[in-house]
Amino acid sequence: MALSELHDRLRFVLVRTSHSGNIGSAARAIRTMGFDRMTLVAPHRFPDPEATALAAGADDVLANAAIHEDLVSGLAGTTFALGLSARRRGVNLPELDPREGAAQAIAAARRGEQVALVFGNERTGLENDELSRCHAMVRIPSVDDFSSLNLSQAVQVVAYEIRMALVAEEAKVPEVALDPDEVPADAEQVERFFTHLAETLDDIEFHKGRSPTTIMLKLRKLFLRARPELRELRILHGILADAQRMAGMAKKGD
């Protein structure tokens with residue numbers, strides 16, 4: 001598989017970026033490693049002259065950046081997402097270093113998947129609900145007493161590791177891409193399933209004193225780990241629809 005094809009399956013997603021200069025620096029960072037797909041989720045200010053200045057010539061990355069209001073739409077079309085975090089969070093996700101994350105990202109891209117590398121706000125990072133939409137968390141090892149990297153530095157580290165993984169791929173025997181029906185469901189399809197699941201749990205009065213938020217976080221972890229295919233989600237939607245129908249009949253009977 002050509003490197004250009006793999007590049008096209010990787011996108012760098014910046015969430016709630018406060019300083020437009022960091023957007024420009026991040027664009028420069030990914031461009032130097034051969035990437036050009038950037039997605040901006042709710043940036044504080046963009047377009048902005050400071051972003052253009054710090055991009056240092058990576059104007060094509062900025063010009064073609066997709067802009068979205070929230071991470072759900074920002075991940076639309078992706079099937080595998082890695083969230084970058086400097087701190088261990090309350091979300092229980094597999095934790096990888098950048099090299100491990102790069103290997104998994106490239107493996108997914110080789111299978112024909114669309115991959116997102118997700119970076120949070122400069123001060124607060126990714127929130128738990130944002131991390132919960134990712135399949136694994138990547139932490140860049142650093143010293144305990146000075147652990148925070150600048151956003152563009154973190155982007156550069158990850159972009160470098162992915163580039164090195166891509167270069168190593170050139171010597172490998174090409175893998176056969178999955179049948180379209182076997183590719184994991186994308187982020188939008190998974191979110192629709194989670195919405196249907198939450199509605200069904202309410203309809204059947206499942207919670208009964210349990211925390212709906214906690215239950216859904218655990219179920220998110222379960223299904224994101226399983227990475228269901230679209231046809232599998234269709235089966236699950238059918239099961240949920242039947243459960244809702246039976247719950248409705250039971251309530252009418254009462």
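From the list Leu82, Leu3, Leu14, Leu93, the one residue that fits, being of a type outside the set (Asp, Glu) and surrounded by fewer than 17 Cβ atoms within 10 Å (Cβ to Cβ), is Leu3. Looking at Pro184, Pro141, just one residue is exposed (fewer than 15 other Cβ atoms within 10 Å of the Cβ) and in contact (Cβ under 8 Å) with a residue 12 or more places away in the chain, and that residue is Pro141.
So that you can scan it fast, the table gives a plain yes or no per residue for (1) farther than 17 Å from Glu191 by Cβ; (2) in contact with a strand residue (DSSP E or B) (Cβ under 6 Å, 6 or more places away or on another chain); (3) not hydroxyl-bearing (Ser, Thr, Tyr):
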position	(1), (2), (3)
Ser73	no, no, no
Ala81	no, yes, yes
Ala105	yes, yes, yes
Arg111	yes, no, yes
Met137	yes, yes, yes
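Of all residues in segment 23-47, those being touching a strand residue (DSSP E or B) at 6+ places or on another chain (Cβ under 8 Å) and either more than 13 Å from His68 (Cβ to Cβ) or among the β-branched types (Val, Ile, Thr) (or both) number 8. Suppose the filter is in the same structural domain as Val41 (by the TED database), out of contact with any Pro (no Cβ under 6 Å at 6 or more places or on another chain) and not in a helix (DSSP H, G or I); does Val155 pass it? So Val155 does not fit the description; no. Within segment 201-233, the residues that satisfy the criterion of being surrounded by 14 or more Cβ atoms within 10 Å (Cβ to Cβ), in a helix (DSSP H, G or I) and not hydrophobic (A, V, I, L, M, F, W, C) are Asp203, Arg220, Lys221, Glu232. Within segment 95-104, the residues that satisfy the criterion of being out of contact with any helix residue (DSSP H, G or I) (no Cβ under 6 Å at 6 or more places or on another chain) and within 12 Å of Ile162 (Cβ to Cβ) are Glu100, Gly101, Gln104. The residues of segment 13-35 that are within 15 Å of Val158 (Cβ to Cβ) and either of a type in the set (D, E, K, R) or part of a loop (DSSP other than H, G, I, E, B) (or both), listed by number, are Arg28, Arg31, Met33, Gly34, Phe35.
The values are calculated or read from the model by the stated rules, or taken from the named source; none is laboratory data. Just so it is clear, the model here is predicted, and its values are computed rather than measured. A quick note on method: Cβ atoms are made from the backbone with ideal geometry, for glycine too, and the neighbour counts reach across all protein chains shown.
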